[in-house]
Amino acid sequence: SYLGLGIDQARNVKNKILLQKFCPNNECKQIDDGCLPLGYEVGVANSDGVPIPFYGTSNGKFCQTFSAQVLPPSTCSNCSIADVQQPPLRGKFYAMSGFSFGLKYWGLSPTNSSIADIEAGTAEWCSQNFDQLWDQYSSTQTSLLTSYCFTGYWESTLLKAWGFDPTDRSAIVYAEKI
């Protein structure tokens, strides 16, 4: 995304923060990642290019808290994220692309879902281990299947930072295309 707030950029920042926090001198054998499902492992390159195993722990609370740490801070009064000026919200917001893909996996409607609904669906998703997810969604790419815990919490973090009411079901329309 233009502001570097897309899910791929956010995931890269998340991984970098985890590596810095739990593997500060590139001297670790593994990192537990609450945003990945229990039973799933992926290699993430450290600053030396050496892959470090990230082990899923299915810890939704960790993932929700951690997603807020990925968000760049803002210091100005009428800015939402990373000191970018934002006018007051009005009308409907059309959330496209990655914002809409996870809804079906969280059991949500694209026309009637609030941020609180996304967080509840994400919490349920994050509580499952990899085998449970695979049994239900074996036709889904593994990289997507294992990313929806972080994706859901990242989306809710962004939408709240932009000033959306977490309980409003009518302000956001989730659209795969416009």
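Couplings 3J(HN,Hα) for region 93-104, derived from phi with the Karplus relation 6.51 cos²θ - 1.76 cosθ + 1.60 (θ = phi - 60°), are 10, 9, 8, 10, 6, x, 5, 9, 5, x, 3, 5 Hz, where x marks Gly and Pro. To the nearest 10, the accessible area of residue 118 is 0 Å² with a 1.4 Å probe. To the nearest 10 degrees, how steep is helix 115-126 against the longest Cα principal axis of the chain, on a 0 to 90 scale? Taking the Cα atoms of the chain, the angle to 115-126 is about 20 degrees. Counting only alpha carbon atoms, the long axis of helix 7-22 and the longest principal axis of the chain meet at about 40°.
Taking amide H positions as modeled 1.01 Å from N, with prolines and chain starts lacking one, the residues under 5 Å from residue 94 and 5 or more places away or on another chain are 173.
Of all DSSP-defined beta bridges confined to the chain, some 45% are antiparallel rather than parallel. Residues whose amide H lies under 5 Å from that of residue 38, counting only those 5 or more places away or on a different chain, are 57, 58, 130; hydrogens are built 1.01 Å from N in the peptide plane.
Pairs of Lys residues in the chain that lie 8 or more places apart, or on two chains, and have C-alpha atoms under 19 angstrom apart add up to 10. Here residue 13 sits with roughly 60 square angstrom of accessible surface, probe radius 1.4 Å. About the centre of its Cα atoms, the chain shows a dipole size close to 400 debye [charges on the beta carbon of Lys, Arg (+1) and Asp, Glu (-1) only; nearest 20 debye].
Where does each of 119-126, 5-12, 19-26 land if you order them by average Cβ count within 10 Å, highest first?
119-126, 5-12, 19-26
Positive contributions from Lys and Arg (+1) and negative ones from Asp and Glu (-1), summed over other residues with Cβ under 13 Å from the Cβ of residue 102, come out at -4.
Taking loop as defined by DSSP and a crowding limit of 11 other beta carbons within 10 Å, which trypsin sites (Lys or Arg not before Pro) in region 77-134 fit?
90, 92
Measuring between their Cα centroids, region 116-178 and region 1-74 lie 17 Å from each other. Around the amide H of residue 44, modelled in the peptide plane, lie the amide H atoms of 52, 54, all under 5 Å away and 5 or more residues distant in sequence or on another chain. Summarised as an ellipsoid, the chain has semi-axes of 28, 21, 13 Å, derived from the eigenvalues of the Cα gyration tensor scaled by 5 and square-rooted, with the largest first. To test your reading of the geometry: what angle, between 0 and 90 degrees and rounded to tens, separates the Cα axis of helix 60-70 from the longest principal axis of the chain? The angle comes out near 70 degrees.
The values are calculated or read from the model by the stated rules, or taken from the named source; none is laboratory data. As the structure is a computational prediction, the values presented were derived from the model and not from experiment. Ideal geometry is used to build each Cβ from the backbone, glycine not excepted, and the neighbour counts take in all protein chains shown. Accessible surface is based on the protein model in full, side chains and every heavy atom, while ligands, DNA and RNA are left aside. Shrake-Rupley method; radii C 1.70, N 1.55, O 1.52, S 1.80 Å.
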